[in-house]
1. Where in the range 85-203 are the helices (runs of 4 or more DSSP H), entirely inside, with at least 3 residues that are touching a strand residue (DSSP E or B) at 6+ places or on another chain (Cβ under 9 Å)?
2. Among all residue pairs at least 6 apart or on different chains, which show Cβ distances below 6 Å where the first residue, located in the range 37-51, is within 9 Å of GLY115 (Cα to Cα) and within 9 Å of the ligand (Cβ to nearest atom) and the second is part of a helix (DSSP H, G or I) and among the β-branched types (Val, Ile, Thr)?
3. Only residues that are within 16 Å of the ligand (Cβ to nearest atom) and crowded, with 21+ Cβ neighbours inside 10 Å: list them for the range 109-137, please.
4. Kindly evaluate GLU86 against the criterion of being within 13 Å of the ligand (Cβ to nearest atom) and farther than 18 Å from ASP132 by Cα.
5. For the range 171-195, what are the residues that are farther than 30 Å from TYR143 by Cβ and in contact (Cβ under 8 Å) with a residue 60 or more places away in the chain?
6. Kindly provide the set of residues from the range 155-189 that are over 18 Å from SER40 (Cα atoms), surrounded by 14 or more Cβ atoms within 10 Å (Cβ to Cβ) and more than 16 Å from the ligand (Cβ to nearest atom), ordered by number.
7. From the list LEU106, LEU98, LEU102, exactly one residue is away from the ligand (no atom under 16 Å from the Cβ), modelled with pLDDT of 95 or more and surrounded by fewer than 16 Cβ atoms within 10 Å (Cβ to Cβ). Which is it?
8. Any idea which of (1) in a helix (DSSP H, G or I); (2) under 17 Å from ASP132 (Cβ atoms) is the one ILE70 doesn't satisfy?
Amino acid sequence: MSKQKSLNMALAHSLASSADAGSLVLLHIDASPRGERSHSRKMTREFIEAWKKAYPIDSVTYHDLGRNPIPHVTEAWIAAAFTPEEERSPEMKETLCLSDELVDELFAADIYVMGVPMYNWSVTSGFKAYIDNIVRINRTWAYIPDENPEFPYKPLVHGKKMFVIASRGDGGFAPGERNHQRDFQTPLIKEAFGMLGITDIIK
Ligand SMILES: Cc1cc2nc3c(=O)[nH]c(=O)nc-3n(C[C@H](O)[C@H](O)[C@H](O)COP(=O)(O)O)c2cc1C
């Protein structure tokens with residue numbers, strides 16, 4: 001067994017033992033456009049295999065954003081998302097259908113396992129499209145300027161644990177190291193998911 005694989009399994013075991021007893025719904029996302037060459041894809045698979053060996057999982061929902069990309073948001077999507085639900089036309093509802101499904105999956109799952117490569121110091125465009133589809137006003141966050149003018153975004157997703165496998169070609173991203181200020185992948189993931197209330201993120 002490789003060093004990385006045994007680390008991955010040890011982490012899965014320790015995380016699983018700290019999770020609530022009982023079985024779980026797991027949301028598994030791969031964002032690498034690569035297939036068997038992808039490190040992040042391999043590691044999410046190994047992580048989930050290790051977890052399954054130790055603890056029951058009721059079901060796994062899977063999206064391969066690298067090989068089956070989801071659409072980026074459009075003007076019609078934005079208009080629909082910012083129209084109150086009861087005022088949406090059938091076309092608007094249709095436009096939001098995939099986004100609604102992705103948001104439903106976020107609520108249905110207990111734990112998220114996401115493989116996210118670094119591309120040009122940030123995430124892949126496919127993963128960014130996923131973020132744009134799940135950061136949904138009045139579904140995953142609410143705008144509350146009167147309550148909190150400093151940060152008027154109220155998270156609506158609670159009690160989730162997220163495990164991110166962030167692959168990179170280069171090194172030196174730790175605080176104080178040569179690439180630290182170029183890491184837009186970690187802060188983007190933390191801020192975007194944190195705004196929804198997903199703050200228990202292990203990377
Ligand atoms: C288009 C592209 C852009 C990349 N940009 C970066 C980068 O900015 N910094 C970095 O450290 N690695 C970068 N890499 C290397 C990938 O992060 C690395 O190959 C990683 O393993 C990809 O994930 P995967 O193995 O799951 O496909 C880039 C790779 C590609 C193809």
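The values are calculated or read from the model by the stated rules, or taken from the named source; none is laboratory data. Keep in mind that what you see is a predicted model, and the values were worked out from it rather than measured. Every residue, glycine among them, receives a Cβ derived from its backbone with ideal geometry; neighbour counts consider all protein chains shown.
1. Numbers: elements: 90-95, 97-108, 125-134, 185-196.
Result: 97-108, 125-134, 185-196.
2. Correct list of pairs: empty, since none qualify.
3. VAL113, MET114, GLY115, VAL116, PRO117, MET118, VAL123, THR124, GLY126, PHE127, TYR130
4. So GLU86 fails the test.
5. ARG182 - this is the single residue of the range 171-195 that is farther than 30 Å from TYR143 by Cβ and in contact (Cβ under 8 Å) with a residue 60 or more places away in the chain.
6. PRO155, LEU156, VAL157, LYS160, LYS161
7. Working: LEU106 fails: surrounded by fewer than 16 Cβ atoms within 10 Å (Cβ to Cβ); LEU102 fails: surrounded by fewer than 16 Cβ atoms within 10 Å (Cβ to Cβ).
Only one candidate passes the filter, namely LEU98.
8. Answer for ILE70: the failing condition is (1).
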